[in-house]
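This report concerns only the one structure given below.
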Amino acid sequence: FEKYSNMDEIPKAIPYDPANEQHTGVTVATGEARLDQNFRIRKPPSFWASTCKLIQANALFLPFLSIIVCIGYLFGTIDGYLALWIVELGGTSGLVGAMFAVASVVELPFFFYSDNVYRAVGMRVILLVSCLAYFIRVLSYSLLINPFYVLFVEPFHALTIAMFWGPCVTYVNDVLVRNNPDLKATGQGSFFASFYIGRSIGYSLAGWISESVGMRFMFKSTLIAVGFLCLLVANFWRMEQNNGGPFETDMGRKRHSERDLKGLGKLDKMGANGDNDATERTGLLSASAGGGGGTNEDDEVTHLEI
């Protein structure tokens with residue numbers, strides 16, 4: 001043990017001496033840590049300050065969150081009142097269970113392969129597919145007469161959640177907060193908060209409408225939210241196109257990497273031209289200095305000024 005021991009390398013304990021104390025903000029004496037009165041601990045920025053920083057850093061962040069709020073509203077409306085609507089139409093609890101089972105089984109492959117679809121077509125295409133799926137679902141629920149036919153509509157649930165959820169989480173990390181990697185948790189928190197804000201609004205507003213004018217009119221009025229979602233997605237598509245997107249697809253990453261390589265090539269050429277110009281200027285100064293061997297001190301000062 002003594003052969004391989006490093007006890008000699010361990011620094012010895014030094015008794016506390018107030019005369020040798022260094023005011024670094026923390027004082028350790030007799031096993032206690034004390035903060036200096038003039039020392040201030042820097043507090044991390046709040047959640048709202050970090051969110052505002054992300055909104056300022058990426059022009060797509062706020063439009064994306066507005067889409068998530070609208071999708072959360074649609075999800076809360078359907079998730080909270082579809083089962084009640086089926087029972088009101090004469091459906092049984094067994095039919096309600098089969099409805100949720102069909103939706104869950106169809107979702108499984110989409111959860112596994114949603115990332116491949118995301119890399120191939122991009123986030124905006126997935127959002128467009130979600131808009132179409134929500135339109136089909138809400139329109140079908142508003143026109144539903146026989147509750148059994150809900151089993152043919154519920155597979156579209158996979159396009160509104162399973163195909164949508166995973167790519168959104170990846171998109172926040174890969175695109176929206178790529179320039180602020182220290183705020184990834186804030187970005188994910190903003191995404192989840194936006195979804196649940198819209199979800200809570202959907203639960204409350206849909207419940208009030210269905211109690212006032214009926215469940216069928218509630219689903220018909222939800223088509224307004226679907227139309228508003230389509231407008232938000234169209235605006236997001238336009239803004240992403242204007243900002244050089246999409247960034248997350250395989251072709252998008254290839255295009256931006258080629259653009260970066262071209263930019264580096266231009267910088268290298270500019271640097272080479274600058275080096276050649278500097279070399280020429282140095283040669284001219286050397287030639288002029290060598291040719292004027294009999295010059296006086298004023299000429300040397302003139303050359304240096306040139």
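Count of the stretch 178-223 residues, restricted to those that are more than 18 Å from Tyr141 (Cβ to Cβ) and not in a helix (DSSP H, G or I), is 3. May I ask you to list the residues in the stretch 97-151 that are among the basic types (Lys, Arg) and either in contact (Cβ under 8 Å) with a residue 60 or more places away in the chain or over 24 Å from Met218 (Cβ atoms) (or both)? Arg119, Arg124, listed by residue number.
Quick check, is Asp115 part of a helix (DSSP H, G or I), touching a helix residue (DSSP H, G or I) at 6+ places or on another chain (Cβ under 7 Å) and at pLDDT below 90? Yes: the conditions hold for Asp115.
Give Ile224, Ile197 a once-over and let me know the one that is over 21 Å from Ser114 (Cα atoms) and without any contact (Cβ under 8 Å) to a residue 12 or more places away in the chain.
Values: Ile197 fails: without any contact (Cβ under 8 Å) to a residue 12 or more places away in the chain.
Answer to the selection: Ile224.
Of all residues in the stretch 51-75, how many are open to solvent by less than 10 Å² (accessible area, probe 1.4 Å), farther than 21 Å from Tyr149 by Cα and part of a helix (DSSP H, G or I)? Walk me through it before giving the result.
So in the stretch 51-75, the residues open to solvent by less than 10 Å² (accessible area, probe 1.4 Å) come out as 54, 60-61, 64, 67-68, 71-72, 74.
Then drop every residue that is not farther than 21 Å from Tyr149 by Cα, which leaves 54, 60-61, 64, 67-68, 71-72.
Adding the requirement that they be part of a helix (DSSP H, G or I) leaves 54, 61, 64, 67-68, 71-72.
The total comes to 7.
When you look at Phe156, is it part of a helix (DSSP H, G or I), within 23 Å of Val106 (Cα to Cα) and either open to solvent by 30 Å² or more (accessible area, probe 1.4 Å) or of a type in the set (Lys, Arg) (or both), yes or no? So Phe156 passes the test.
Residue count for the stretch 179-194, restricted to those that are without any contact (Cβ under 8 Å) to a residue 40 or more places away in the chain and either open to solvent by 60 Å² or more (accessible area, probe 1.4 Å) or among the hydrophobic types (A, V, I, L, M, F, W, C) (or both): 6.
Under 26 Å from Val172 (Cβ atoms), modelled with pLDDT of 90 or more and of a type in the set (A, V, I, L, M): does that describe Leu65?
Values: under 26 Å from Val172 (Cβ atoms): yes; modelled with pLDDT of 90 or more: yes; of a type in the set (A, V, I, L, M): yes.
So Leu65 passes the test.
The residue that is nearest to Ala59 (Cα to Cα), among those in the stretch 205-245 that are open to solvent by 60 Å² or more (accessible area, probe 1.4 Å) and more than 31 Å from the chain's Cα centre (by Cα), is Lys220.
Picking from residues in the stretch 118-151 that are of a type in the set (Ser, Thr, Tyr) and under 20 Å from the mean Cα position of the chain (by Cα), the one that is modelled with the lowest pLDDT is Tyr118. Cys168 meets each of the listed conditions (1) within 22 Å of Thr77 (Cβ to Cβ); (2) more than 10 Å from the chain's Cα centre (by Cα); (3) surrounded by 16 or more Cβ atoms within 10 Å (Cβ to Cβ) apart from (2).
If you go through the stretch 107-153 one residue at a time, how many are of a type in the set (Asp, Glu) and crowded, with 18+ Cβ neighbours inside 10 Å?
Number of matching residues: 1.
The values are calculated or read from the model by the stated rules, or taken from the named source; none is laboratory data. Computed from a prediction, not measured in an experiment: that's the story for all the values here. All Cβ positions, even for glycine, are placed from backbone atoms using ideal geometry, and neighbour counts span all protein chains on display. SASA here: full protein model, heavy atoms, side chains in, ligands and nucleic acids out. Shrake-Rupley method; radii C 1.70, N 1.55, O 1.52, S 1.80 Å.
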